[in-house]
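Asker: One structure, pasted below without further comment.
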Amino acid sequence: MPARTLPAMLLDVAERHGPGEALVDGEIRISHADMVRRAAVVATRLRELGVERGDRVAILLPNGWQYAVSYFGVQLAGASGVLVNTRFAQPEIEHVLTDSGAKLVITDRDLPGALDAAVLTADTGETADPAALPGQQSEPGDVAHLLYTSGTTGRPKGAMQTHANLMFNAGTVRERLGAGPGERTLVAAPMFHATAIVSQFIGFLANGACCVFTPAFKAETTVALMASERITFFAGVAAMLRLILLKAEDAGADLSSLRLFVMGGSPVPESFPAQVGEQLPDLVLGNVWGLTEGTSIVTFTAGAEYLSHAWSVGPVVDGVEVAIALPGEPPRDLRDTVGELCVRGPVVAAGYWGNPEATASTFVDGWLHTGDVGSIDGDGFVRVLDRLKDMIIRGGENIYSLEVESALAQHPDVAEVAVVGVPDPIFDERVRAVVVPRPGRTPSEESLREHAVKLLADFKVPVEWRFVTELPRNPSGKVLKRELSDAG
């Protein structure tokens, strides 16, 4: 990307793509030039309220144009955004605000001392010069925002994503996802999630594309927006696409503009791509692996490459390295060897805000230790097998939950599945599968076990089965496997 910081990018976008549509939120439609103008006004108001360069300003809002304008207003003011998870409970919100030292909170909630987003972003017709604002003094290594991890293993930690991180990823979004003028992405993932804020919002807008907002994923609303707004790109999981196809068929919706659907490493049944092709023959499927501490995109694959390597999240993107760390050893270029996946390059975040201990244990000698277990084949294709903490050890054998989940997901009666280890007096751990049946289906333990033994080694086949209507998730949507392990 020619611009090296977000404020510089905004000037570039306003100059090159000014009249083009940038933000769509219901009846609200805002051009690139108007988006930058509004953000400059917000930045001026923040400065009048005492926000100085380097301060933290929290944003606690649902998806929408006010979030977008507020976010870029914070950047033009030279501050760092604190992107608060709207699903956090009040104590978690208080922790994030206290931990980050946020000077102000932009929100639609009743919080002491908070700024009313509707008032802050109201268009009174005033103008401000974005080129004269403190954000233009930002450096590539400055922290653009804090994204707090979901806290599955402790209190949320604020990953520091820099301007350089974000602008590098925007280049990847252009090169690999095809973002550019005329492209339109539907942002259904929450804006406090790296996929939404980094790759869809910043990545697409930086390349002159348009972001259409919806508060959350609902199949009926998503299909309606995809058809009416001629959406070209969407990021989600396979279960979302399955629901989208069902709703589109029921509604007779035209989704022919949708060219690329990228899935985030979720298990995909073998027959699924063919099913998608029957309904949307021109739709390209892709897969991606990334994490908050890796900004967003680390590996990517799509189209024929994805279909021929369905087990993989793809090769690493240009300019980034992935290596394998074995216990007690530094990361190395090991092929066909299972170990911890480590990442090095311009996507690696600057560490955790105010947490030197966690930073030192995760960011080591330039390498991000991801906590994901995987391997890299001879052609450079990466396979993610599990989280280190989720790996099941049964009688000395390592069992990777994602491998078992991927096999079970191919059963026609399974909508979602999570696999966990539970204590066993003989083998230390045994495998438990927690299954969400597809609507109208009632899979039996016997049928699932018969299916599993055809695809998995005997020691990997679950010995316990649970059937639930939905999987427990944390505020970021990650499955709470600890709850599934603890449940009797």
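The values are calculated or read from the model by the stated rules, or taken from the named source; none is laboratory data. If you're wondering where the values come from, they're calculated on a predicted model, not measured in any experiment. FYI the Cβ positions are ideal-geometry reconstructions off the backbone, even for glycines, and counts take in every protein chain you see.
Asker: Among the residues of the stretch 216-239, which ones are in contact (Cβ under 8 Å) with a residue 24 or more places away in the chain and part of a helix (DSSP H, G or I)? Full working, then the answer.
Answerer: Quick first cut of the stretch 216-239, residues in contact (Cβ under 8 Å) with a residue 24 or more places away in the chain only: 216-217, 219-220, 222-227, 229-239.
Ala219, Glu220, Thr222, Val223, Ala224, Leu225, Met226, Ala227, Ala238, Ala239 - these are the residues of the stretch 216-239 that are in contact (Cβ under 8 Å) with a residue 24 or more places away in the chain and part of a helix (DSSP H, G or I).
Asker: Considering each of Met263, Met240 in turn, give the residue that is closer than 19 Å to Ser199 by Cβ, touching a helix residue (DSSP H, G or I) at 6+ places or on another chain (Cβ under 8 Å), surrounded by fewer than 21 Cβ atoms within 10 Å (Cβ to Cβ) and modelled with pLDDT under 95. If you could, list the steps in order and put the result at the bottom.
Answerer: On the way: Met263 fails: surrounded by fewer than 21 Cβ atoms within 10 Å (Cβ to Cβ).
Answer to the selection: Met240.
Asker: Given the condition under 26 Å from Ala349 (Cα atoms), assigned to a helix (DSSP H, G or I) and either outside the structural domain of Ala196 (by TED's automatic domain parsing) or charged (D, E, K, R) (or both), answer yes or no: does some residue in the stretch 93-102 qualify?
Answerer: Checking the stretch 93-102: at least one residue is under 26 Å from Ala349 (Cα atoms), assigned to a helix (DSSP H, G or I) and either outside the structural domain of Ala196 (by TED's automatic domain parsing) or charged (D, E, K, R) (or both).
Asker: While we're on this one: Please go through the stretch 52-86 and pick out each residue that is farther than 15 Å from Gln161 by Cα and among the aliphatic types (A, V, I, L, M).
Answerer: Scanning the stretch 52-86 gives Ile59, Leu60, Leu61, Ala68, Val69, Leu76, Ala77.
Asker: Which of the residues that make up the stretch 336-392 are among the acidic types (Asp, Glu) and either farther than 30 Å from His163 by Cβ or not in a helix (DSSP H, G or I) (or both)? Don't jump to the end; show me each part of the working.
Answerer: In the first step, residues of the stretch 336-392 are kept if they are among the acidic types (Asp, Glu); the result is 336, 340, 357, 365, 372, 377, 379, 386, 390.
Asp336, Glu340, Asp365, Asp372, Asp377, Asp379, Asp386, Asp390, listed by residue number.
Asker: Between a residue in the stretch 455-475 that is outside the structural domain of Val417 (by TED's automatic domain parsing) and more than 14 Å from Val419 (Cα to Cα) and any residue that is surrounded by 17 or more Cβ atoms within 10 Å (Cβ to Cβ) and of a type in the set (Asp, Glu), which pairs come within a Cβ distance under 9 Å, given they are 6 or more apart or on different chains?
Answerer: Correct list of pairs: empty, since none qualify.
Asker: Among the residues of the stretch 192-208, are any in a strand (DSSP E or B), in contact with a helix residue (DSSP H, G or I) (Cβ under 9 Å, 6 or more places away or on another chain), under 30 Å from Glu52 (Cβ atoms) and not basic (Lys, Arg)?
Answerer: Looking only at the stretch 192-208, we keep the residues that are in a strand (DSSP E or B), and these are none.
Scanning the stretch 192-208, I find no residue that is in a strand (DSSP E or B), in contact with a helix residue (DSSP H, G or I) (Cβ under 9 Å, 6 or more places away or on another chain), under 30 Å from Glu52 (Cβ atoms) and not basic (Lys, Arg), so the answer is no.
Asker: Right, something else. Give the residues of the stretch 122-149 that are outside any strand (DSSP E or B) and touching a Lys or Arg at 6+ places or on another chain (Cβ under 7 Å), sorted by residue number.
Answerer: Across the stretch 122-149, the qualifying residues are Asp123, Thr127, Pro134, Gln137, Pro140, Thr149.
Asker: Next question. Kindly indicate whether Ile231 is farther than 28 Å from Asp413 by Cα, among the aliphatic types (A, V, I, L, M) and under 17 Å from the mean Cα position of the chain (by Cα).
Answerer: Details: farther than 28 Å from Asp413 by Cα: yes; among the aliphatic types (A, V, I, L, M): yes; under 17 Å from the mean Cα position of the chain (by Cα): no.
In short, no.
Asker: Does Arg87 satisfy being surrounded by fewer than 21 Cβ atoms within 10 Å (Cβ to Cβ), among the charged types (D, E, K, R) and within 17 Å of the chain's Cα centre (by Cα)?
Answerer: yes
Asker: Which of the following residues is closer than 20 Å to Thr185 by Cβ and outside any loop (DSSP other than H, G, I, E, B): Leu23, Leu46?
Answerer: Answer to the check: Leu23.
Asker: May I ask you to list the residues in the stretch 269-298 that are in a loop (DSSP other than H, G, I, E, B) and either over 23 Å from Tyr400 (Cβ atoms) or touching a His at 6+ places or on another chain (Cβ under 7 Å) (or both)?
Answerer: Correct list: Leu280, Pro281, Asp282, Leu283, Thr295, Ser296.
Quick grid of which residues meet (1) buried (at least 22 other Cβ atoms within 10 Å of the Cβ); (2) of a type in the set (A, V, I, L, M, F, W, C):
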residue: Leu368; (1), (2): yes, yes
residue: Gly371; (1), (2): no, no
residue: Asp377; (1), (2): no, no
residue: Asp386; (1), (2): yes, no
residue: Lys389; (1), (2): no, no
residue: Ile392; (1), (2): yes, yes
residue: Gly396; (1), (2): no, no
residue: Asp413; (1), (2): no, no
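Asker: With at pLDDT below 95, of a type outside the set (Lys, Arg) and assigned by TED's automatic domain parsing to the domain that holds Gly366 as the only criterion, which of Ala164, Ala206, Ala194 stands out? Show your work before the answer.
Answerer: Working: Ala164 fails: at pLDDT below 95; Ala206 fails: at pLDDT below 95.
Sole residue among the options that is at pLDDT below 95, of a type outside the set (Lys, Arg) and assigned by TED's automatic domain parsing to the domain that holds Gly366: Ala194.
Asker: Quick check: anything in the stretch 299-317 closer than 22 Å to Ser406 by Cβ, surrounded by fewer than 21 Cβ atoms within 10 Å (Cβ to Cβ), touching a Ser or Thr at 6+ places or on another chain (Cβ under 8 Å) and among the β-branched types (Val, Ile, Thr)?
Answerer: no
Asker: A further question follows. When the residues of the stretch 90-123 are narrowed to those that are modelled with pLDDT of 95 or more and among the polar types (S, T, N, Q), which ends up surrounded by the fewest Cβ atoms within 10 Å (Cβ to Cβ)?
Answerer: Out of the qualifying residues, it is Thr98.
Asker: Would the stretch 150-172 turn up any residue that is over 22 Å from Trp289 (Cβ atoms) and in a helix (DSSP H, G or I)?
Answerer: Among the residues of the stretch 150-172, at least one is over 22 Å from Trp289 (Cβ atoms) and in a helix (DSSP H, G or I), which makes the answer yes.
Asker: All but one of (1) closer than 27 Å to Val414 by Cα; (2) among the hydrophobic types (A, V, I, L, M, F, W, C); (3) touching a Ser or Thr at 6+ places or on another chain (Cβ under 7 Å) hold for Ala216; which doesn't?
Answerer: It fails just one condition, (3).
Asker: Do you know which residues across the stretch 434-482 are over 26 Å from Leu388 (Cα atoms), outside any helix (DSSP H, G or I) and not small (Gly, Ala, Ser)?
Answerer: Selection gives Pro437, Arg438, Pro439, Arg441, Thr442, Pro443, Thr469.
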